[in-house]
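The values are calculated or read from the model by the stated rules, or taken from the named source; none is laboratory data. What you see is a predicted model; the values in this text were computed from it and never measured. Heads up, the Cβs are rebuilt from the backbone with ideal geometry, glycines too, and the neighbour counts pull from every protein chain shown.
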Amino acid sequence: MNPQEFIRVYKKSEVIFEENSFGNDMYVIHSGKVKLTTKAPGSDLVLGILGPGNFFGEMALVDDAPRSATATAEEDNTKLVVLDRSKFLYLVSQQPPFALTIMHGLCQRIRDRWDLYSKLSTSKSAQ
């Protein structure tokens, strides 16, 4: 098996996936950066910019729901390792440290979203 089969390369501003689309892959950033955004009234809200070693897109594989954000390459030659559903399920079932890493990432995303929600709610009520 050729390791290059699992790597996709993106150009700056290229969309990896869109919010509300359905997905069968998750991604680990090998090199470059990825911006995650979500729709907010009147604009796109930046949820974060991820770099090498970070992963994203796993939520669609865990709950089969639409993507919760849009992912866009922030740099030319952004290289992503792609894990499809079968590879993801294999790793979760056979590699407990991988499963714990995914759970930790999901928990952190939930906490970050709540912090963002609290900040937005506070700023709106102050107006």
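When region 44-99 is limited to residues that are charged (D, E, K, R) and under 12 Å from the mean Cα position of the chain (by Cα), the one that is surrounded by the most Cβ atoms within 10 Å (Cβ to Cβ) turns out to be Glu58.
Please enumerate the residues belonging to region 15-24 that are within 14 Å of Thr78 (Cα to Cα) and loosely packed, with under 13 Cβ neighbours inside 10 Å. Val15, the sole residue that qualifies.
Can you name the residue in region 41-83 that is in a loop (DSSP other than H, G, I, E, B) and within 15 Å of Asn20 (Cβ to Cβ) and, of all such residues, is modelled with the lowest pLDDT? Even if it seems obvious, please write down each step before you answer.
Going residue by residue through region 41-83, those that are in a loop (DSSP other than H, G, I, E, B) are 41-42, 51-54, 57, 64-69, 74-77.
From what's left, within 15 Å of Asn20 (Cβ to Cβ): 57, 64-69.
Details: Gly57: 95, Asp64: 88, Ala65: 93, Pro66: 95, Arg67: 95, Ser68: 91, Ala69: 94.
Filtering first and then ranking leaves Asp64.
Scanning region 30-43 for residues that are more than 17 Å from Lys79 (Cβ to Cβ) and either among the hydroxyl-bearing types (Ser, Thr, Tyr) or exposed (fewer than 14 other Cβ atoms within 10 Å of the Cβ) (or both) yields Thr37, Thr38, Lys39, Ala40, Pro41, Gly42, Ser43. Can you say whether Asp112 is part of a helix (DSSP H, G or I), in contact (Cβ under 8 Å) with a residue 60 or more places away in the chain, in contact with a Gly (Cβ under 9 Å, 6 or more places away or on another chain) and not aromatic (Phe, Trp, Tyr), as far as the supplied structure shows? Criteria met by Asp112.
Residue count for region 1-40, restricted to those that are of a type in the set (Gly, Ala, Ser), outside any loop (DSSP other than H, G, I, E, B) and under 10 Å from Ala69 (Cα atoms): 0. When the criteria are applied in full, Ser43 fails the requirement of being without any contact (Cβ under 8 Å) to a residue 24 or more places away in the chain and either more than 23 Å from Tyr117 (Cβ to Cβ) or acidic (Asp, Glu) (or both). Within region 91-106, the presence of at least one residue that is modelled with pLDDT of 90 or more and either in a loop (DSSP other than H, G, I, E, B) or under 21 Å from Lys12 (Cβ atoms) (or both) is confirmed. Residues in region 18-25: is at least one under 22 Å from Thr101 (Cα atoms) and either among the charged types (D, E, K, R) or without any contact (Cβ under 8 Å) to a residue 40 or more places away in the chain (or both)? Taking every residue of region 18-25 in turn, at least one turns out to be under 22 Å from Thr101 (Cα atoms) and either among the charged types (D, E, K, R) or without any contact (Cβ under 8 Å) to a residue 40 or more places away in the chain (or both).
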